[in-house]
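Structure first, commentary second.
The values are calculated or read from the model by the stated rules, or taken from the named source; none is laboratory data. Quantities reported herein were computed from a predicted structural model and do not represent experimental measurements. For neighbour counting, all protein chains shown are included, and Cβ atoms are generated from backbone atoms with ideal geometry for every residue, glycine included. The accessibility values were calculated without ligands, DNA or RNA, using every heavy atom of the protein model including side chains. Shrake-Rupley method; radii C 1.70, N 1.55, O 1.52, S 1.80 Å.
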Amino acid sequence: MNRLLAIQKLVYDVCCQIRLKVYNEDYITDWKSGFGLPVEGYIEVSGPERISDVEWIELDPVVVTRIGRLVPPKVSIILDEIIQVLQQESIDYQVVKGMVRIDGQQLS
């Protein structure tokens, strides 16, 4: 649970997007700007899922910040910041097609 809290804080602090995939399903959630932990043993990105059913979660290191209607958005790459926090928390990860993937077995 401590790793999930660290990931939740990371997502909140750096304003990155997150999605997850559940075992035995082709369904991957849409990208969301955060996630919740509604009750013990569950994670909620676009709907509650048992943590034990999560195959992986991914963090998008590309952050797009809207500035205003007439100003183009600011695009930031925060891969180094994400990796630094994951290494500090001893969370193993992979970079898959530019996304930071964390195996679901580390979340329980």
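Quick notes on this structure:
- Sites excluded, GluC sites (Glu not before Pro) in DSSP loops with at most 15 other C-beta within 10 Å, longest stretch of the chain: 41-88
- Extension gain, residue 53 back to residue 9 (0.36 nm per residue minus Cα-Cα distance, nm): 13.7 nm
- Backbone geometry of region 83-99 corresponds, through the Karplus equation with coefficients 6.51, -1.76 and 1.60 at θ = phi - 60°, to 3J(HN,Hα) couplings of 4, 4, 5, 4, 5, 4, 8, 6, 9, 6, 8, 9, 9, 10, 6, x, 9 Hz, x marking Gly and Pro.
- A viscosity of 1.567 mPa s and a temperature of 4 °C, combined with the Kirkwood radius over Cα pairs in Stokes-Einstein, give a translational diffusion coefficient for the chain of 91 µm²/s.
- Residues of the chain: accessible area per residue with a 1.4 Å probe, Å²: 63 Å²
- Maximal additional length on extending the residue 40-residue 83 stretch stands at 12.9 nm, based on 0.36 nm per residue less the C-alpha distance.
- Share of Cα-Cα pairs in region 57-106 lying beyond 15 Å, as whole percent: 52 percent
- Evaluating kT/(6 pi eta Rh) at 10 °C and 1.306 mPa s, with the Kirkwood radius of region 1-49 over Cα pairs in the Stokes-Einstein relation, gives 140 µm² s⁻¹.
- Adding -39500 (n - 2.57) for every DSSP H run of four residues or longer, then dividing by how many residues the chain holds, sets the calculated 222 nm ellipticity at -6500 deg cm²/dmol.
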